[in-house]
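Working notes, beginning with the structure itself.
The values are calculated or read from the model by the stated rules, or taken from the named source; none is laboratory data. Being a predicted model, the structure only gives us computed values, none of them experimental. Here the Cβ positions follow ideal geometry from the backbone for every residue, glycine too, while neighbour counts run over all protein chains shown. Just so you know, the surface numbers come from the protein's heavy atoms only, side chains and all, with ligands and any DNA or RNA stripped out. Shrake-Rupley method; radii C 1.70, N 1.55, O 1.52, S 1.80 Å.
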Amino acid sequence: MTPKKLIQEIRDYNLTLQERLFRLLAMIGLIGLAIAIIAGLIAGENTVNTIGMIVIFVCFCGITYYTLKSHKIQFGAVLIASLIIYFLLPFNFFSSGGIYGGAPIWFLFGVIFVCLVVEKKVKYVLIVSSYILCALCYYTAYFYPEFLLQHTLEMAYVDSLASFIIVSGLTCGMLLFQNAIYRSENALAKKQKKEIEELNQVQNRFFSSMSHEIRTPINTIIGLNEMILRENVSDEVAEDARNIQGASKMLLTLINDILDMSKIESGKMEIVPVTYNVGDMLSDIVNMIWVRAREKGLEFHIDVDQTMPSQLLGDEVRIKQILINVLNNAVKYTSEGSVTLSIQCKRLEKDQAQISYSVTDTGIGIKKESIPFLFSAFKRVDEAENRYIEGTGLGLSIVKQLVELMDGEIAVNSVYTKGSTFVITLPQKVVGEVEIGELNLETRHALNAREHYKQSFEAPKAHILIVDDNETNLMVAEKLLRETKVNVDTVTSGKACLKMTIQNQYDVIFMDHLMPGMDGIECFHAIRKQTGGLNQNTPVVILTANAGGENQALYRREGFDGYLLKPVSGIQLETELLRHLPKQLVSMNRAVDSDGLMETAVFKHRNKQSVLISTESVCDLPKSLLEKYQIAVIPYRVVTADGEFLDGVETETDGVLSYMERKGNHAYSMEPDTEEYEEFFAEQLTKARSIVHIAMAQKVCKGYENALEASKTFDNVTVVDSGHLSSGLGLMVLSAVKYVAKGMSANAIAKELEYTKAQVRSSFIVTSTEYLARAGRLSSKINVFCQAFMFHPVIVLKDSNMKVGAIRVGTRDRAWKKYITSALRRGRGIDTKTLFITYVGLTIEELQEIEAQVKSEVSFEKIIYQKASPSIAANCGPGSFGLLFMLEDSFNRM
């Protein structure tokens, strides 16, 4: 490779920085070695040093050639650096006078070379190696000077000076070139950033222009199609017209989605909060979704919190867009069953509220592995299964980003083949204290819209002007307003408009924006300033195909009295006219309010819990507490030779003990599998917005692992490793209930439980090890040994694992006494509010003996006797019991 070509490659931006630096430093290193060899020959350096340097130079050349040929830059860099540090530097040190020469300066060069060229962890290994080797060289030279080839004083000075000049020159060259590379990379990055920004601007202009140009013909299609639906045509023509209407609206939705995505990516999407009526918004949504649901034979239900404020401050347009997108998706992916929209309000401090919108369907559901990609733009999950379902994959991506722009959250819970639930939470401001109450939402029967259309008003004495450079748009608007009997004048330019406004006085003017010559904004200001004009105070409504919040803001700043976006419907035109026409000119058509209405199912609201606590049947809590605090419990299974039985549902503790007392009978407990946890979580999410599931200690069984895997299907299920079992797990659950009562979020509860875990003390004394052996937790030999020597193991929970904390020797009563004394003395700083004595197969008299012993050690305010669950009993056997309590908060934080 020629030097010219090497320099070209060093400047090649297509190569990585490491590749370019390697080429540069390899070239500089070879030049430096060559200069050092020549300088050594001129200065009369000893032959050994010169020959060694030549050998190293040849090896250096070979490695460099191989590295550049094979493109294994990191490999070559490490090899050369190793050659320099492990051979060149020590050899040069001992063959050129040690510290009485230039060797120490070359050690510095070796470290700098490694820093600049080598990457990853091996860089630090080589740097540390160079330090160690340097120290060893100095040590050897000091204590064993006979290993050095000594320099004359004259040669020492010459060698030192030459090394300084060469190394400093090489180092400067490396650093200067590296700085030059960084500067060029920075300049390139700035240039690319500018190009990307310009490309984004071009893209945004294209999308905006595309939106405007497509909306204009769609306006004609939808407008004229609406006129067909109003006429008395055949059923076949009406059906065709409805299909045209649906296809047009779908195309319009696609345009809006692309435009919105463009705005979001460029950071131009604006959230515009306004005061809106919740009932009206829901009515609009129901009106759109009910028809699509009915076409597919689906039920559409609504469940609204009656205590919700009737008026809120938020971006109504975007909230409606979010809900319609999610509801459309639910209808799209549901072939039978129902789609349900549930709305719940949680009042926060002052005038703030948290509104939760939940959309539940009975559709195909979402595979667990597909959920992470659900909100990716242009990505459709499970495409092979859903290839016949229309859509671009933009909808949910836009939903997520709109929710985040409004400081909200979106979560998805889905069980594949069984349906999905999307939960959207948005903070909003309450406007007034009037509650929405019981809603009777109604929607117009769109399938018979052509038979039921009725103009909302008549105004034969009203006079309006419509300005648009597209004659088709003028024709559509004129026809849509025909039934209102309003007198309509139309013109195709701003100049023609000014001629009309100086001759006629109008009640309302509709103005297009983008027109050749004088545009709509210029024409509007000309009307306001027109000398002798008759319409200086006439309401002017912009009627445009320019969508977007920035355009709406522009028209507001310019002073327009209203904004209508094409394509525009007859209802929209009539509504806008009603806002501006003098009341004395308008005659309302009362029949329109009750014509063609159809009720939609509105359910009586069932208030969902904010956070629900769930756990497992091995928590050993009294049934009364589980019911009082609405704690959901998933049962373990007790496995015997006769079958599997649900813990606490299909079998009880006494039955398990009775079965195991028969010789040869074995039983053991088994945790629910992942699918069972998924079904359990899905059911509980119908009662709450979030779940905190507290599982048995993860190293004791696979319950925690299975629950955690199942939780990945849901966005709002948090699984906590309790680190305990039995009533120790129960104490964790009761703590979680207290945190819920304080209004803490699921994430906050999970964090607090990590601290609480260390406060709980769980231990059991096992009277007979036989049942541990039967359950497979103890070998038969150890069981025989324990029984022979009257050993009673004390089982403790530590680091989420069961361990033998102590062995009590002797009779049962003596072992019990030692266990109680040790457990309660060891637990200084005990929280004396509650103690659980959880037992297996003990009589009332035996429990009273245990209580007396406990009271002699510590006085508890409340002692709860809890019979252990069948799963726990199958492992411990009769005569076993545990003391489970908590430490005081201050003690644990010391």
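Before moving on, here are some points about what is shown:
- Listed candidates (1) 230; (2) 269; (3) 294 - label of the one calculated as volume of the Cα convex hull per residue in Å³: (3)
- Summary of packing: across the peptides 870-883, 165-178, the per-residue average of other C-beta atoms within 10 Å ranks them, highest first, as 870-883, 165-178.
- Cross-link table K123/K712; K738/K855; K623/K803; K623/K751; K687/K751, entries beyond 32 Å C-alpha to C-alpha: K123/K712
- The T417 and Y755 beta-carbon pair, evaluated with R₀ = 45 Å, returns a calculated FRET efficiency of approximately 0.70.
- Binned Cα-Cα distances of segment 693-814, short to long, each 10 Å bin given as a whole percent: 13, 35, 27, 16, 8, 1
- Kyte-Doolittle mean at least 1.0, axial Cα span of 24 Å or more - DSSP H helices of the chain: 17-43, 47-70, 122-143
- Measuring r between the beta carbons of K429 and H463 and using R0 = 60 Å, the FRET efficiency lands at 0.90.
- Taking a ≥ b ≥ c as the square roots of the Cα gyration tensor eigenvalues, segment 40-119 comes out oblate, since a/c reaches at least 1.5 and a/b does not exceed b/c.
- In terms of its C-alpha gyration tensor, segment 90-165 comes out oblate, because a/c is 1.5 or above while a/b does not outweigh b/c.
- Fraction of accessible area attributable to carbon and sulfur, the chain (%, probe 1.4 Å): 55
- In terms of distances greater than 26 angstrom between alpha carbons, the cross-link table entries K699/K867; K320/K566; K296/K346 yield K296/K346.
- Gain on full extension, evaluated as 0.36 nm per residue between K798 and L41 minus their Cα-Cα distance, stands at 265.2 nm.
- Estimated from the Cβ-Cβ distance and a Förster radius of 35 angstrom, the FRET efficiency linking T275 and E198 is about 0.35.
- Antiparallel content of DSSP bridges confined to the chain, in %, to 5: 60
- Model label points for K499 and E846, set 7 angstrom from Cα along the Cα-to-Cβ axis, are 10.9 nm apart.
- In the chain, helical runs assigned H by DSSP with n ≥ 4 each contribute -39500 (n - 2.57); averaged across all residues and rounded to the nearest 500, the mean residue ellipticity at 222 nm is -16000 deg cm²/dmol.
- Note on L224 and R662: the extension gain reaches 149.1 nm, defined as 0.36 nm multiplied by sequence separation minus the Cα-Cα distance.
- Qualifying trypsin sites (Lys or Arg not before Pro) in segment 320-377, where qualification requires a DSSP coil assignment and no more than 12 other C-beta atoms within 10 Å, comprise K350.
- Probe 1.4 Å, protein heavy atoms only - accessible area per residue of the chain in square angstrom: 49
- Label separation (A189 vs S745): 3.3 nm, computed from points 7 Å beyond Cα along the C-beta direction.
- Alpha-carbon centroids, segment 714-747 and segment 513-571: separation in whole Å: 58
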